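Q: The structure follows.
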Amino acid sequence: MASGRRHRSALARVVAQFAADVGPAYLDGRYLPLSEACVSPLDRGFLFGDAVYEVIPVYAGMAFRLEAHLRRLGRSLAQTRIPLPCSDSEWCRIVSGLIERAGGGDLTVYLQVTRGVAPRDHAFPDTTPTVFAMAGPMSQPSEKELRDGVAAVTRPDIRWRRCDIKANSLIGNVLLRQEAIENGAVEAILIREGFAVEGAATNLFIVSNGVIVTPPKGVDLLPGITRDVVLELLRRNELDHEERRIPEAELHTAGEVWITSSTKEVLAVTTLDGAPVGDGRPGSVWHTVRSLLREARGRHAASR
């Protein structure tokens, strides 16, 4: 009995500390501290991973590319046949409310929609989706990672066949990312049928013979918002680039390799499977693109 009380007390302290670090939450129509946000154990997001999500970067108190994130969320909901629980204007109010309660600044807002609460059965229930969101400090690459780049490993892509849907059922990604960490790397770059497709939690770019290359959109990879922003910047600044498949051999001979995401922005991979990429330092093209991306962020923050 005493050990059970000590366990519950310790768990309560962990939850309280996590909530303090992360910030405010939103659950089914109301804002509340994260430590008070509770869902039923019969929620299908908990039982099946029957849910979709979005991660939205916030700079200087302004959500970056919010419309694009909401379009992708709407697509994920449509592809999984989860009813749309909020209009775009309602999502905007929820996001703005979280940013305000978190105190603004640079943040990450996480949105999640599950199919709802129902007795456990694989078939779709007649129920209302669960809407959860939270905001907290943005985790960005360290100065060392930006200066020196990061290590990555290649791994066979063991995920399901609809990687274009931003679904919560991420066990394949979790296992692959953990393999990378256990091998001293930041990310696993995934190989499917002889081609590099993306990272476990990032999109992929390489520089091959002076041309920037990224795999085309399709069911094999997530249509990343940061990926799209980088492509816009490449077009606007007339930098040579292609959207095409990347053979595994070309990945290993590339002069530069980058990974992109909402939290990593654009990060140089300087070691791949234990071997240096190029000269083992972030390349000149990466420096150019990172500067362009930061300028775009600055213009966004200044537009409020």
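Coordinate-derived values only; no laboratory data. Remember, it's a predicted structure, so these values are computed and weren't measured experimentally. Cβ coordinates were reconstructed from backbone atoms using ideal geometry, including for glycine residues, and neighbour counts include every protein chain displayed.
Q: Give the Cα extents of the chain along the principal axes, in whole Å, largest first.
A: Projected onto its principal axes, the Cα set of the chain covers 61, 42, 42 Å.
Q: Based on other C-beta atoms within 10 Å, arrange THR154, THR114, THR270 from fewest to most.
A: Result, fewest neighbours first: THR154, THR270, THR114.
Q: Let me ask another. Name the lysines eligible as straight-distance cross-link partners of LYS144: C-alpha to C-alpha under 25 Å, and not fewer than 8 places from it in the same chain.
A: Excluding near neighbours in sequence, the set is LYS264.
Q: Oh, and also: List HIS241, HIS252, HIS69, HIS122 from most exposed to least, where exposure is judged by having the fewest other Cβ atoms within 10 Å.
A: HIS122, HIS252, HIS241, HIS69
Q: Can you compute the helix-only [θ] at 222 nm over the chain? Use -39500 (n - 2.57) per DSSP H run of at least 4 residues, normalise by all residues, nearest 500 deg cm²/dmol.
A: Dividing the helical sum by the residues of the chain leaves -11500 deg cm²/dmol.
Q: Separate question: Cut-off 10 angstrom, C-alpha nodes, Gaussian network model of the chain. Which of GLU256, GLU67, GLU193 fluctuates the most?
A: Highest fluctuation of the listed residues: GLU193.
Q: Can you compute the label reach from SER139? Point 7 Å from Cα along the Cβ direction, backbone N cut-off under 12 Å, restricted to the range 181-212.
A: Counting only backbone N, you get no residues.
Q: Sticking with this structure for a sec: Can you put TRP91, TRP160, TRP258 in order of Cβ neighbours within 10 angstrom, beginning with the fewest?
A: Fewest to most other Cβ atoms nearby, the residues stand as TRP160, TRP91, TRP258.
Q: To test your reading of the geometry: what angle, between 0 and 90 degrees and rounded to tens, separates the Cα axis of helix 66-80 from the longest principal axis of the chain?
A: Orientation of helix 66-80: about 70 degrees from the principal axis.
Q: On to the next question. Relative contact order, percent, of the range 143-302 when contacts are C-alpha pairs under 8 Å separated by at least 6 residues?
A: 26
Q: Could you work out how far the C-alpha centroid of the range 258-304 sits from that of the range 58-75, in angstrom?
A: After rounding, the separation between the Cα centres reads 20 Å.
Q: Please give the helix 2-22 orientation as an angle from the longest Cα principal axis of the chain, in degrees from 0 to 90, rounded to the nearest 10.
A: 50
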